[in-house]
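First comes the structure, then the notes that go with it.
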Amino acid sequence: MKQEAQVRQTLDSRGPWKLLGSLLAPYGGMVAGTLALLCADITGMLLVPTELSALLNAAIAGSSNDVLVGHAAAMLVAALVGSGACIASYWLATRLAARVGRDLRVAVYRNSLQLDGSEFQGIGTGSMITRTLGDANVVQQSLVTSFLMLAPLPVICVVSMVLAYHIDPVMGRLLLVVTLAMAAISAVAVIKSAPIFVRMQELVDRMNARLREAITGVRVIRAFGREHQQKKRLDKTFEDYAQSAIRVNLVFAVTDCSCFCLMNLVEFGVMWVGADRVGEHAMQIGSITALVQYAMLILFFMMMAQFAIIQLPRAIACLRRACQLLGIEPRIKDPQVAGAAAGQTASMAAPGQEPAAAAPAQGDDVVASFRHACFRYDDASEDTLHDVSFDIRRGQTCAIIGGTGSGKSTVAKMLLRFHDVTSGQLLVCGRDVRDVPQEQLRGRLAYVPQTAWLFSGTIAQNLRDADPQTTDEALWHALDVAQADFVRDLPDGLKSQVEQGGKNFSGGQRQRLAIARALVRRAQLYVFDDSFSALDYRTDAALRRRLASELGSAAVLVIAQRVSTICDADQIVVLDDGRVVGRGTHQQLMRTCPTYQDIVESQTGGGDADE
């Protein structure tokens, strides 16, 4: 998007105001139009009391009816122009803020998709949700209030004081004093509240994270009888937020009381001093009406501006948090030159076909190859994977097995380029994955994650995430291969509803639907990351038989903990503490690999894994 590109170009300064400027830049016409309409609204608003005072002065002086009608007509025109401009400015400002909020959400969300696992975890899921939704809403609302309540204030103050000086310099100085007093009260309120608002936004992140944790783990909490402790923990978080909110509300409660008191004092002062000036023949009696209206307009808009001022510290904090996220330079990037060429090649390829430029060499059956690959997390003191070397070949099934924490799932994430190798190489179709655009790389793979996640919608919509153009017949075929026969028994079949996360299906059903989704894509490499753990042995065996015939021309990588799932694999890689300690077939490893022998022994009690 053009807007997103402009946003990213200004992130060198990492400033919230620069970010806001980049978000507003594509809508310069709307900004100018909104300001012009606000000026028209203010003009009509100030002309009404001006013409009213002129009308009263003319009536008191005994002027003709034509003069009185002229002033009345001017008042009517000013009221109509001001009202129409007010409605139009509200509409335009709302649309402008909505588009800016949308662009900010899109920029934050798209940047979050480019982060690798450790970068994302450093921010946290709860904070990411708040930054994408809550922070963008705060900025959007603040933009509306700033345009409609804060932007007119300087014009109202300056023009009102100029008109007051024109009527009588003494009254002009009185309005100047009132304006400065009101500005001082508002400035103190903002200075006091700004740091509190920053802390409140951080507390919102904490509340989101802890609520999400408590709701997700509610069964564990109940099972261990930890309800009271969890309640105390949540209460502490809520209490911190409540205390901060009370402090902010106290500041602005005092501010509001001060402003209302000042409004009454100003009205009294204008009437008192105005009457004295009329007695001295320094001004006309009808002008007192205009002066009272000018003073009330200044105070009213200052009161309204406080609503915008209340939001500004919080909005600035939200923009600063967005800058922090948008300023993170993703470590996993597409190659600039090669990526553009590959993207053009991919765009020219027919649907379902691979770009010719990225095709493997003739006769090369190696789809993926780890060559002395090492990987270490940022916060780790040692490698998670160390000197890993093996090939995944077309037409064969490669399996990875090992104990918990041995790095099995990290291998899958490296293939998808969720992580890059720390040293060594990972080749896919003969090319280093770092030289292949991510979209093109992942378009060659079909992945079934360790946690079978389904999205809210229908079964068909979930399956078509792999290939939007797939026919219903192909979907049914994928379901049959995945042993998801239960879908045929559902009243709505493919149109059956799926709740968020697939919670209306059992663990085994979710896994089979996730496997079917992967099978919809005609990929060169299928990665099954512990995707058979929730299946019973009979379903597991039937599924493996169907996969062997269905994916005979593709490469298959199976990551599993059950030996029975991988004993028929063409190659089994045994990992122990991130190192390859064995590689071969089941029979070979039973003779040569003590780690594999221990795994088999622990699962079969000394029997054969095939039994």
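The values are calculated or read from the model by the stated rules, or taken from the named source; none is laboratory data. Owing to the predicted nature of the structure, the values given are computational and were not obtained by experimental measurement. Note that we place each Cβ from the backbone using ideal geometry, even for glycine, and neighbour counts take in every protein chain shown. Surface accessibility is based on the protein's heavy atoms, side chains included, excluding ligands, DNA and RNA. Shrake-Rupley method; radii C 1.70, N 1.55, O 1.52, S 1.80 Å.
How long are the three semi-axes of the equivalent ellipsoid for region 482-611, computed from the Cα gyration tensor as the root of 5 times each eigenvalue, in whole Å, largest first?
Numbers: eigenvalues 189, 51, 35 Å².
Working from the Cα gyration tensor, I get semi-axes of 31, 16, 13 Å.
Just to be sure I understand: of the beta bridges DSSP finds with both ends in the chain, what percent are antiparallel, rounded to 5? Please list the in-between numbers first.
Numbers: 20 of 38 bridges.
Given both bridge residues lie in the chain, the antiparallel proportion sits at roughly 55 percent.
How much length, in nm to one decimal, is gained on full extension between residue 504 and residue 465, taken as 0.36 nm per residue of separation minus their Cα-Cα distance?
Numbers: separation 39, 0.36 × 39 = 14.04 nm, distance 1.92 nm.
Gain on extension, residue 504 to residue 465, equals 12.1 nm.
Report the relative contact order of the chain, percent, no decimals, based on alpha-carbon pairs under 8 angstrom and at least 6 residues apart. Spell out each step's value before the answer.
Working: 865 pairs, mean separation 81.7, N = 611.
Relative CO of the chain lands at 13 percent.
Testing the spin-label approximation: label points 7 Å from Cα along Cα→Cβ at residue 456 and residue 387. State their distance in nm.
For the pair residue 456/residue 387, the computed spacing is 5.1 nm.
Between region 545-591 and region 131-179, how far is it from one alpha carbon centroid to the other, in angstrom?
71
Roll a 1.4 angstrom probe over the protein heavy atoms and tell me the percent of accessible area of the chain that is carbon or sulfur.
On the way: 17260 of 30110 Å².
Roughly 57 percent of what the probe reaches on the chain is carbon or sulfur.
Along Cα→Cβ, 7 Å out, is where each label goes; now give me the distance between the ones at residue 194 and residue 36 in nm to one decimal.
Modelled inter-label distance: 3.4 nm.
All other residues with a Cβ under 12 Å from the Cβ of residue 585 taken together, and with Lys, Arg as +1 and Asp, Glu as -1, what is their net charge? Write out the running numbers ahead of the final one.
Values: positive: 583, 591; negative: 568, 570.
Around residue 585, the surrounding residues sum to 0.
So between residue 253 and residue 81, what do we pick up on full extension, going 0.36 nm a residue minus the alpha carbon distance? Please list the in-between numbers first.
Numbers: separation 172, 0.36 × 172 = 61.92 nm, distance 3.50 nm.
Stretched out fully, the residue 253 to residue 81 stretch lengthens by 58.4 nm.
What lysines sit close enough to residue 495 to cross-link, taking a C-alpha to C-alpha distance under 22 Å and skipping anything fewer than 8 places away on the same chain?
Straight-line reach from residue 495, under 22 Å: 503.
Net charge near residue 237, counting Lys/Arg +1 and Asp/Glu -1 over other residues with Cβ under 13 Å of its Cβ?
On the way: positive: 199, 206, 210, 212, 231, 232, 233, 236; negative: 202, 205, 213, 235, 239, 240.
Summing Lys/Arg as +1 and Asp/Glu as -1 gives +2.
Kindly report the accessible area of the chain per residue (heavy atoms of protein chains, probe 1.4 Å, no ligands, DNA or RNA), in Å².
Result: 49 Å² of accessible area for each residue.
Any chance you could check the Cα centroid distance between region 412-480 and region 272-299 for me, in angstrom?
After rounding, the separation between the Cα centres reads 75 Å.
Would you tally the net charge around residue 408, using a Cβ to Cβ cut-off of less than 9 Å, leaving residue 408 out, and scoring K and R as +1, D and E as -1?
Working: positive: none; negative: 529, 530.
Charge balance in the 9 Å sphere: -2.
Just to verify a number: FRET efficiency for residue 587 and residue 236, C-beta to C-beta distance, R0 = 56 Å, to 0.05?
0.45
Which lysines does residue 333 reach when only Cα atoms under 30 Å apart count, and residues fewer than 8 places away in its own chain are ignored?
Within the straight-line limit of under 30 Å, residue 333 reaches these lysines: 2, 18, 408, 413.
Which entry in (i) 39; (ii) 24; (iii) 42 matches percent of Cα pairs over 44 Å apart derived from the coordinates of this structure?
Here percent of Cα pairs over 44 Å apart agrees with entry (iii).
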